[in-house]
1. From the Cα gyration tensor of region 67-214, with a ≥ b ≥ c the square roots of its eigenvalues, which class applies: rounded if a/c is under 1.5, or else prolate if a/b is larger than b/c, or else oblate?
2. Using 0.36 nm per residue, how much length does the chain from Ala141 to Asp68 gain when fully extended, once their Cα-Cα distance is taken away?
3. Suppose all protein chains stay in the model; what accessible area per residue would a 1.4 Å probe give for region 80-219, in Å²?
4. Please compute the modelled spin-label separation between Ala130 and Asp58, points set 7 Å along Cα→Cβ, answer in nm with one decimal.
5. Only residues of region 90-111 count here: report those whose backbone N is under 18 Å from the spot 7 Å along Cα→Cβ of Val185, or say none.
6. With every protein chain left in place, what is the accessible area of Arg178 in Å² (1.4 Å probe, nearest 10)?
7. Between Asp197 and Asp159, what FRET efficiency follows from the Cβ-Cβ distance if R0 is 35 Å, with the result rounded to 0.05?
Amino acid sequence: MNSPLIQLLVLAGIAVFLILRLKNVLGTREGFEQPPAPQKTSDRVGGPNLEVIEGGPDLDITDHVEEDSDAAKALAGMKRVEPSFNVADFLQGARGAFEMIVMGYEAGELSDIQTFLSEEIYESFVDGVAAREDQGLSIEAEFIGVRELKLLDATFNEDTNEAELSIRFVAELTSVVRDQGGDVVEGSPTEVKRQKDTWSFARTMGADDPNWLLVSTDG
């Protein structure tokens, strides 16, 4: 054989060897196979898709009272009359009002807090401050902060739209009572005491006046 023919046979043998190797590695396909489906891409990047469930519980209510309780139904009624009403915002406002009212009473400066008090509560505060002054007593107090706050109950009169919410406060403050000579009669300027109160605030939902009034106190 001449040299070109030998080279051709060698190349043919190599080709057959390679084809057999590829078939062993890759296997064979028979019949019709669908091409791979393209992967779907989400328009949102950075997190999973979240499904919004319509008609679920109002977390602004159930975060504070039991679902389907009378208090929860009362809060829902308030929201129907006044959709802008928010329980969390109310409690935040009540926290500030508690400090303002407590410190106003301790200092005897009732004019600053009168708009937040019902007539009955205001009159009781006036009597308390007057009795203190008659004895020549004064109070020095420093408010440390509200440590606990809990919505205890809520009621709503659908006929009058009158709403009432009861809140339990646990606060810390220092308080000292001095006589006319400046001597300490009660308390300590350095000892922090814990004060627990249950207050009820009331308001007519939908009314132009946005203020909630303190209508009862229970230590």
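The values are calculated or read from the model by the stated rules, or taken from the named source; none is laboratory data. All values derive from a computational prediction rather than experimental measurement. Virtual Cβ from ideal backbone geometry, glycine too; neighbours counted across all protein chains shown. SASA here: full protein model, heavy atoms, side chains in, ligands and nucleic acids out. Shrake-Rupley method; radii C 1.70, N 1.55, O 1.52, S 1.80 Å.
1. Details: a/c = 3.12, a/b = 1.99, b/c = 1.57.
Cα axes put region 67-214 in the prolate bin.
2. Details: separation 73, 0.36 × 73 = 26.28 nm, distance 4.16 nm.
This chain segment gains 22.1 nm when fully extended.
3. Details: 7910 Å² over 140 residues.
Ligands and nucleic acids excluded, the result is 56 Å² per residue.
4. Spacing of the two 7 Å Cα→Cβ label points: 4.2 nm.
5. Within reach of a label on Val185: 105-109.
6. 50
7. Working: r = 30 Å, r/R0 = 0.86.
Approximately 0.70, to the nearest 0.05.
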